[in-house]
Number of protein chains: 2
Amino acid sequence: MTTITTTDPATGVRRTLDLEETDAAGLASAVSSATAATAELQALGRSGRARLLEAIADALDARREDIVATADAETALGAVRLNGELTRTGYQLRFFAEVLREGSYLEAVIDHAGDTPMGPRPDLRRMLVPIGPVAVYAASNFPLAFSVPGGDTAAALAAGAGVVVKAHPAHPATSALVASVIAEVTDPLVGRAVSVVYGYAAGIDLVQAPGIRAASFTGSPGGGRALAELAANRPSPIPFYGELGSINPVLVSPAAAAARGESIAEGLAASIVQGGGQFCTKPGIALVPVGPAGDALVGALSASVAHVGAKPALTAGMASAYDAGLDELTAVPGAALVSRGSASSTIGSTTPALVEFVGDELPTRLAEECFGPVAVVVRYRDDEHAARLASALPGTLTATLFIEPGDAGVPMARVAVAERAGRILYDQYPTGVAVAWAQNHGGPWPSTDSVHTSVGATSIRRYLRPVAWQNAPAAELPPELRDGPVDLPRRVDGVMVLP
Amino acid sequence: MTTITTTDPATGVRRTLDLEETDAAGLASAVSSATAATAELQALGRSGRARLLEAIADALDARREDIVATADAETALGAVRLNGELTRTGYQLRFFAEVLREGSYLEAVIDHAGDTPMGPRPDLRRMLVPIGPVAVYAASNFPLAFSVPGGDTAAALAAGAGVVVKAHPAHPATSALVASVIAEVTDPLVGRAVSVVYGYAAGIDLVQAPGIRAASFTGSPGGGRALAELAANRPSPIPFYGELGSINPVLVSPAAAAARGESIAEGLAASIVQGGGQFCTKPGIALVPVGPAGDALVGALSASVAHVGAKPALTAGMASAYDAGLDELTAVPGAALVSRGSASSTIGSTTPALVEFVGDELPTRLAEECFGPVAVVVRYRDDEHAARLASALPGTLTATLFIEPGDAGVPMARVAVAERAGRILYDQYPTGVAVAWAQNHGGPWPSTDSVHTSVGATSIRRYLRPVAWQNAPAAELPPELRDGPVDLPRRVDGVMVLP
C-alpha cells in the first residue's frame with residue numbers, strides 16, 4: 001500500500017496522511033457500495049433524495065470551519081474563496097433538491113393507446129431512470145464545488161445514482177474530510193452512496209469497472225482523452241463526459257474599444273488573474289482591433305496585469321507547466337510578452353502575464369489553453385481578419401462579445417466566435433459560472449460531448465437514461481407515469497400538462 | 001470511379017446502375033452542401049422547417065408506386081411491407097413537423113437576473129441549437145424508414161442540420177431515387193439539404209470529415225464499433241449514435257405459461273419470423289419455465305415456426321451469415337434445433353428455426369444476436385436460475401414480460417431482464433416500433449449511448465446542443481428566448497409556462 005501525502009502550496013511543506021492508495025479490493029468495494037446505493041436512492045423517491053441532498057448541504061455547512069481550513073492548507077486558495085466555494089457547493093445540492101421536487105427533469109410522457117395513420121398505437125409511457133453507478137473524477141481547481149461533494153456528485157445523487165469519486169491528488173485530506181461528512185448523512189439512509197478512491201491506478205481501473213455506467217471528468221485534455229478511450233474500449237462502452245479546458249475567446253468590436261476600452265480592460269484583467277487564472281472559464285485570448293482605441297485598451301490591460309502579484313499555484317507542477325507554457329507562447333513568431341505582474345520568490349507561484357500577437361493567421365499554440373494567469377491579445381485589422389483568426393479556435397466553454405448598442409461591426413467574427421461556444425456572454429466576463437436552470441457549461445470539443453452540460457439543472461441528464469413502458473399494468477409503472485394527478489409537469493397525448 | 005450495382009434478392013440478378021462510388025471531391029461537396037443547408041434550415045425557422053418536412057412527405061407519397069417498386073426489386077421485402085414502410089416514413093416526417101410547431105424540444109429556459117444565496121445572478125437564457133451537419137449511415141433492413149428519407153434524416157432536418165447519408169449497398173437505386181425526390185423539394189428552398197454518398201471508402205471518410213458534427217448508424221456491432229472509434233479518434237471527436245442490434249429477451253412467467261402458453265407461442269412465432277426476422281427488435285431469446293406448461297409452449301412455438309416458409313434475405317451475404325450463425329447456435333453444448341420452417345431452393349433465402357437450450361449458465365454465443373428468423377428458447381428452473389440466465393444478457397432495445405394479473409412469480413428475473421432494456425413490454429411483441437412522443441429505441445450497450453433514442457420525438461436531441469446566452473441584448477437572442485409571449489412551452493425563472 002502506498003501512503004497518501006498532501007502538500008501546502010503556500011509553503012511547499014508536505015505531510016503524510018492517514019490514507020492509502022486504493023487497491024483492487026478497495027475499488028471493488030466502492031463500486032459495490034455505489035451499486036447498492038443506486039437501488040436505495042431510487043427507493044427513496046424524488047422527495048426522499050431531495051431531503052438527502054439538503055441534509056448533506058447542512059452537514060457540510062456545519063463543518064464549514066474545518067473544511068475551509070483543510071482545503072486552504074492543500075490549495076492556498078484562501079479562506080474567502082473557499083468559503084464562497086463551500087457556499088456554492090451547498091447551493092448546488094439544494095438546487096438539485098428543487099430540481100427533484102419540480103420533477104420536469106424526468107421528462108415524463110404518456111401516449112395512451114390510440115389510432116394513427118400507421119394503424120393502432122400501443123400504450124407507451126416514457127421517463128428517465130438512473131443510468132447506474134457513476135464515476136466522478138475530481139478537478140484540482142475546485143476542491144469542493146467540482147470535487148467530492150461537487151456538482152457531478154450532486155447531480156448523480158439527485159438522479160438516483162451512487163457515486164465513486166476519484167480524489168484529485170492535490171487535495172486528498174479535503175476529499176477524505178468531506179467524504180466522511182457525507183457518509184454520516186448517507187450511510188444510515190442508503191448506505192455508502194459516495195465513496196472516494198485514491199491513486200493513479202484506481203483512477204485507471206475505475207472507468208473500466210464493469211459496474212460503472214457513466215463517468216465524468218474535469219481536467220486536462222490529455223488525461224481526459226486517455227480516460228475517454230478507456231471508456232470507449234470497454235467490452236460494454238459507457239458515456240464519458242469530460243470538460244477538458246477551454247480557451248474562452250473575447251471579441252471586442254471597434255466601436256466597443258472606442259467607447260469604453262479602458263473599462264473593458266479593467267474587467268478583463270480581473271477575470272484573467274482571478275483565482276490565479278485557475279478557472280476553466282478564464283479568458284485565454286482576446287481579439288482586439290488594431291489602431292489607437294485598441295492600443296489604449298491593450299495599454300490599460302497591460303497596466304492592470306502589471307499591478308497584480310504572483311500567487312501560489314494549486315500544485316508545484318502546475319506552476320512549472322505555467323512557466324513552460326508562457327515560454328512557448330512568447331516563442332511563437334509574432335507574439336511578445338507585453339506585461340508581467342510582480343514576481344514572488346516563493347517556489348510554485350505563478351506571475352500574471354499578458355502576451356500580444358500580431359499576424360495574419362493564428363498559430364496553433366495560441367489557440368491552446370495555458371492554465372494560469374495569462375491571456376493572449378490578438379490584434380485584428382478588420383472583420384474578415386478577425387473571423388479568420390476566430391475560425392482557428394477550437395470549441396470553447398464560453399465566448400464573450402463586447403459590442404455597442406446597435407453595433408453592426410465585425411459581423412462575421414461575431415458568428416465565428418459564438419458558433420463554437422457553449423455560453424455566449426455580452427459585456428460581462430466569463431469567470432463565474434452561475435448555478436441555474438438556464439446555465440450551460442460545455443460546448444463542442446474539447447468538451448467531450450457537446451450535447452451535455454456539467455453545470456446547471458440539465459447536468460443531471462448525463463446520469464439518466466430513457467425507458468419506455470409499453471402496455472404496462474399500472475402497478476408495474478413508476479408513480480410518475482400512472483394515470484391520474486401527479487406532482488410534476490408531463491406530456492399526455494402530445495400536450496404538456498402542468499400539475 | 002467504380003460503378004454501383006444492385007442485386008434483386010428474389011432472383012439473384014445483378015444490374016449496373018448509373019451511379020458511381022463517391023470520391024473525395026464528391027464527399028467534400030456533400031459535406032459542403034450540408035453545411036450551407038444547416039444555415040439555411042436554421043433561417044427557415046421552426047414553421048418553415050415543419051412545412052419543408054411535410055412537403056418532403058407529400059413528394060414521397062406522390063412517387064409511391066415508383067419508390068415501392070424500386071425498393072422491392074432491391075430488397076424483396078414485398079409491396080405490402082414497403083407500402084407500409086413508406087407510410088411510416090411520411091408519418092415520421094409529419095410527426096417531426098408537429099414536434100417543431102409544438103416547440104418543447106428546444107428546452108427554452110429564461111432565468112432573469114436576480115439575487116441568490118451565492119450573490120447576484122446574471123440574466124441567463126438557454127436553448128438547444130443545431131449541432132451542425134450530420135452523417136447518417138443507412139440501415140439495410142429498412143430501405144426507407146431507416147435509410148435516406150428515414151427517421152435520422154427527418155430528425156436532423158427538423159433540428160436544422162443538413163445531412164449526408166451513406167447509402168446502404170443493399171439498396172442504392174432506392175437511395176438515389178428518394179434522394180432525387182427530396183432534392184426537388186429542398187434544393188429551391190435551402191440547397192442540397194440531403195446528399196447521398198456511395199461506397200465503403202466514402203463511409204470511412206464521412207465520419208472523419210471535419211465539417212460533420214454528429215453521426216448516426218444502424219447496423220452491425222462490428223461496423224458500428226469501427227465507426228465509433230473513427231469518430232472518437234478525430235482531432236475533434238463528435239457524438240456517435242449507433243444502434244448495433246439487440247437480443248430482445250422475452251420472459252414468460254410460470255403463471256403466464258400455464259394460463260396461455262399456446263397463445264403466447266403463436267404471437268411469439270409471428271414476431272420471430274416477421275419480415276424474415278430482419279428487425280432489430282426481433283425476439284432473439286425466450287426464457288420459458290421447465291415443466292409441462294413450458295413444454296406445451298415450446299411445442300406450440302415449434303409447430304408455428306415449422307409452418308413458415310423460407311424467404312429471401314436482404315442480401316445473399318446476410319443469408320450466408322444466418323446459416324453460419326444457426327450452425328454456431330446449434331453447436332453450443334446444451335443447445336439443439338427443435339424446429340425448422342419449410343426450406344426453399346432459392347439461393348439467398350433464410351429458413352425459420354427454433355433452438356432450445358437447457359443448462360445452468362447462458363453460453364456467450366446465445367446472448368448474441370443472430371440476424372434472421374431464429375430464436376433461442378432457454379428453459380429455466382426457478383426465479384434464481386432465470387435471473388442468472390438474464391444477467392448474462394447484454395443491453396437490449398426491448399425486454400418483453402408475459403405475466404398474469406397480480407403475478408408475483410420470478411421477481412428477480414423480471415428485474416434482471418427489465419434493467420438492461422430501453423423499452424419494456426407487457427403481453428405484446430417487440431417487433432413494431434411506434435413513432436410517438438413516448439417512444440424509446442435504445443438502451444445500454446450495444447446501443448452506443450444509452451442516453452439517447454433513435455425513434456420518437458426525443459430522437460431529435462441527438463442533433464441539438466445547448467447554448468446559454470448571458471446578459472444578451474434582446475436583438476442578439478433567438479426569438480424563442482426573448483421576453484414576451486411566445487408559441488412554445490418554456491421555463492421562466494424556474495416555472496414551466498405554457499403558451
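The values are calculated or read from the model by the stated rules, or taken from the named source; none is laboratory data. Values in this document were obtained by computation on a predicted structure and should not be read as measured data. Neighbour counts run over all protein chains shown; Cβ positions are idealised from the backbone, glycine included. Calculation scope for accessible area: heavy atoms of the full protein, side chains included, ligands and nucleic acids excluded. Shrake-Rupley method; radii C 1.70, N 1.55, O 1.52, S 1.80 Å.
Semi-axis lengths, largest first, of the ellipsoid equivalent to region B:119-177 are 36, 9, 8 Å, with √(5λ) applied to each eigenvalue of the Cα gyration tensor.
Extents of region B:307-451, taken as max minus min of Cα coordinates on every principal axis and listed largest first, are 48, 39, 30 Å. Restricting the calculation to alpha carbons of region A:207-299 gives Rg and Dmax of 19.9, 61 angstrom. As a ratio to 2.2 N^0.38 Å, the alpha-carbon radius of gyration for region A:342-414 is 1.36.
Roughly what % of DSSP beta bridges within chain B run antiparallel, to the nearest 5?
Working: 28 of 68 bridges.
Close to 40 percent.
In µm²/s, what is D for region B:439-499 at 4 °C and 1.567 mPa s, where D = kT/(6 pi eta Rh) by Stokes-Einstein and Rh is the Kirkwood radius from Cα pairs? Approximately 90 µm²/s, per Stokes-Einstein. With label points set 7 Å from Cα along Cα→Cβ, the inter-copy distances at B:Thr364 are 3.9 nm, sorted shortest first.
For region B:155-202, compute Rg over Rh where Rg is the Cα radius of gyration and Rh is the Kirkwood radius from the inverse mean 1/r over Cα pairs.
Ratio value, two decimals: 0.98.
For region B:8-78, the calculated P(r) over all alpha carbon pairs, in 5 Å bins from 0 to the bin holding the longest distance, is 3, 12, 11, 14, 15, 19, 15, 7, 3, 1 percent. Computed on the Cα atoms alone, the convex hull of region A:223-376 gives a volume of 124 cubic angstrom per residue. Across every pair of non-identical alpha carbons in region B:57-110, the mean reciprocal distance, once inverted, gives a Kirkwood radius of 12.7 Å. The solvent-accessible area of A:Leu124, taken with every protein chain present and a 1.4 Å probe, is close to 0 Å². Taking Rh as the Kirkwood radius computed over C-alpha pairs, what is the Stokes-Einstein D of region A:183-242 at 25 °C in a medium of viscosity 0.890 mPa s, expressed in µm² per second? Value of D from the Cα-based Kirkwood radius: 193 µm²/s.
From largest to smallest, the equivalent ellipsoid semi-axes obtained for region B:385-499 from the alpha-carbon gyration tensor read 41, 16, 13 Å. Derived value for the protein assembly as shown: Kirkwood hydrodynamic radius 29.7 Å. Basis is the mean of 1/r over every pair of different alpha-carbon atoms.
Hydrodynamic radius of region B:69-225 by the Kirkwood approach over all distinct alpha-carbon pairs: 17.3 Å. As a size descriptor, the averaged projected area of the C-alpha convex hull of chain B was calculated at 25.9 nm². Model label points for A:Ala43 and A:Asp295, set 7 angstrom from Cα along the Cα-to-Cβ axis, are 7.4 nm apart. Listed by chain and number, the lysines whose C-alpha is less than 30 Å from the C-alpha of A:Lys282, apart from same-chain residues fewer than 8 away, are A:Lys166, A:Lys311. B:Glu356 sits with roughly 40 Å² accessible to a 1.4 Å probe, with DNA, RNA and ligands left out of the calculation. Normalising the Debye intensity of region A:1-142 to I(0), with uniform scatterers on Cα atoms only, and taking log10 at q = 0.20, 0.21 Å⁻¹ returns -1.31, -1.33. In chain B, the longest principal axis of the Cα atoms and the axis of helix B:254-273 are about 70 degrees apart. Considering the rotation that superimposes chain B on chain A, the residue of B whose beta-carbon lies nearest the axis, and that distance in Å, is B:Ala232, 3.
Partner chain Cβ atoms within 10 Å, averaged over the residues of B:117-129 - can you pull that number for me? List each step's numbers first, then the result.
Working: counts 6, 10, 5, 1, 6, 7, 4, 9, 3, 11, 2, 3, 1.
Neighbouring Cβ atoms belonging to other protein chains average 5 per residue here.
Alpha-carbon geometry of region B:312-351: the Rg and the Dmax are 11.0, 31 Å, given in that order. Residues within the reach of a label modelled at B:Arg482 (point 7 angstrom out along Cα to beta-carbon, backbone nitrogen below 15 Å), restricted to region A:391-409, are A:406.
Summary for A:Pro292: label point 7 Å along Cα→Cβ; distances to the equivalent points in the other copies, ascending, 10.5 nm. Distances, shortest first, from the label point of B:Thr3 to those at the same position in the other copies read 8.0 nm; the point lies 7 Å along Cα to C-beta.
Region A:411-481 and region A:194-224 have Cα centres lying 22 Å from one another.
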